[in-house]
Every structure is written in C-alpha cells, then in structure tokens.
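Asker: What follows is a single structure, and I will ask about it in a moment.
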C-alpha cells in the first residue's frame, strides 16, 4: 500500500506518460516515456518527500464510463487503460496533487508512506527510462 501510493506521487514529480511499472513491499518502479533524465533529481526527490510529509488525504471516488472517456487526460499510463464497461470507474485522489483511475490499495494519508529515495534510473529504450523508488 505505501509503495503503491508513493508511485502515484512519483508520477506527479515526473509528469511523463507511464509505460510500465512494478510495485513491491519495499521498492517499486515506473517506466516513463522520457527522452532524458532530469538534471535536478535531488530537487525532485525533495518535492516527492514534501508531498509525503504534507500528509495529503487519499480518497476514492467514482465517475461514469462516459465521464472517463471525456477526461482521458486523467489516464497517465500508455498501455494500461482503466477498466470500463461496468458503468463506472474508480478514481484515487491524493489531496490536490493527483487524481487518476486506479483499482489498487492505498494508505489513508501520504505521511504513512515515510521518507522516499529515487534510486537507479535505467535506459530501457530510445525514450524509455525506468525510475526505481525505495524507502529511505
């Protein structure tokens, strides 16, 4: 749960389309359609931890399939589309910093995540970068 919510925050500090990911108990990763690695990784990590420390509430809400189609900009993943066809789609809201479709489990507030560190960033293709995240 903690790492899953942390990966949502990582997708905020790195606002690139997500091409893949993996979440584990103590570490996770997201792959981004990102041509170059940002130069200011320390600043990005500080911003990530500031969102954690701000203890943003994590909540869920539902929208209709039609609303989801009209708000395609909420979808950050390039290959995995939200489950539609049941009439409604679950959204996860993290305070005022993130809102996206998600069916996963999350913490109640970002402070439960704890300190984070951006780990190794690997080149996985011409414009694909794998960003590892772990607890500090």
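Asker: Please specify each residue of the stretch 100-134 satisfying the condition of being surrounded by fewer than 16 Cβ atoms within 10 Å (Cβ to Cβ), in contact with a helix residue (DSSP H, G or I) (Cβ under 8 Å, 6 or more places away or on another chain) and modelled with pLDDT of 95 or more.
Answerer: Once the filter is applied, which keeps residues that are surrounded by fewer than 16 Cβ atoms within 10 Å (Cβ to Cβ), in contact with a helix residue (DSSP H, G or I) (Cβ under 8 Å, 6 or more places away or on another chain) and modelled with pLDDT of 95 or more, the stretch 100-134 yields 111, 112, 114, 115, 117.
Asker: Moving to a separate point now. How about the stretch 3-34: which of its residues are closer than 20 Å to residue 58 by Cα, more than 10 Å from the chain's Cα centre (by Cα) and buried (at least 20 other Cβ atoms within 10 Å of the Cβ)?
Answerer: Scanning the stretch 3-34 gives a single hit, 28.
Asker: OK, next. Please go through the stretch 87-99 and give me each residue that is closer than 28 Å to residue 48 by Cα and in contact with a helix residue (DSSP H, G or I) (Cβ under 8 Å, 6 or more places away or on another chain), ordered by number.
Answerer: 89, 91, 92, 94, 95, 97, 98, 99
Asker: Among the listed residues 89, 37, identify the single one that is surrounded by 12 or more Cβ atoms within 10 Å (Cβ to Cβ), under 16 Å from residue 10 (Cα atoms), touching a strand residue (DSSP E or B) at 6+ places or on another chain (Cβ under 9 Å) and at pLDDT below 95.
Answerer: After ruling out the rest, the residue left standing is 37.
Asker: Go through (1) within 15 Å of residue 8 (Cα to Cα); (2) surrounded by 12 or more Cβ atoms within 10 Å (Cβ to Cβ); (3) touching a strand residue (DSSP E or B) at 6+ places or on another chain (Cβ under 6 Å) one by one and return the number of the condition residue 60 breaks.
Answerer: So the condition that residue 60 fails would be (2).
Asker: Given the options 72, 43, name the one that is out of contact with any strand residue (DSSP E or B) (no Cβ under 7 Å at 6 or more places or on another chain) and modelled with pLDDT of 95 or more.
Answerer: 43
Asker: Which residue out of 84, 68 is surrounded by 13 or more Cβ atoms within 10 Å (Cβ to Cβ), in a helix (DSSP H, G or I) and either touching a helix residue (DSSP H, G or I) at 6+ places or on another chain (Cβ under 6 Å) or touching a residue at least 24 places away in the same chain (Cβ under 8 Å) (or both)?
Answerer: Just a single option satisfies the conditions, and that option is 68.
Asker: For residue 32, which of the numbered conditions (1) more than 26 Å from residue 130 (Cβ to Cβ); (2) in contact with a helix residue (DSSP H, G or I) (Cβ under 9 Å, 6 or more places away or on another chain); (3) not in a helix (DSSP H, G or I) fails to hold?
Answerer: (1)
Asker: Name, by its number, the condition in (1) closer than 16 Å to residue 13 by Cα; (2) outside any strand (DSSP E or B); (3) without any contact (Cβ under 8 Å) to a residue 60 or more places away in the chain that does not hold for residue 73.
Answerer: Failed condition: (1).
The values are calculated or read from the model by the stated rules, or taken from the named source; none is laboratory data. Keep in mind the model is a prediction, meaning the values are calculated, not measured. Don't worry about glycine lacking a Cβ; one is built from the backbone with ideal geometry, like all the others, and counts go over all protein chains shown.
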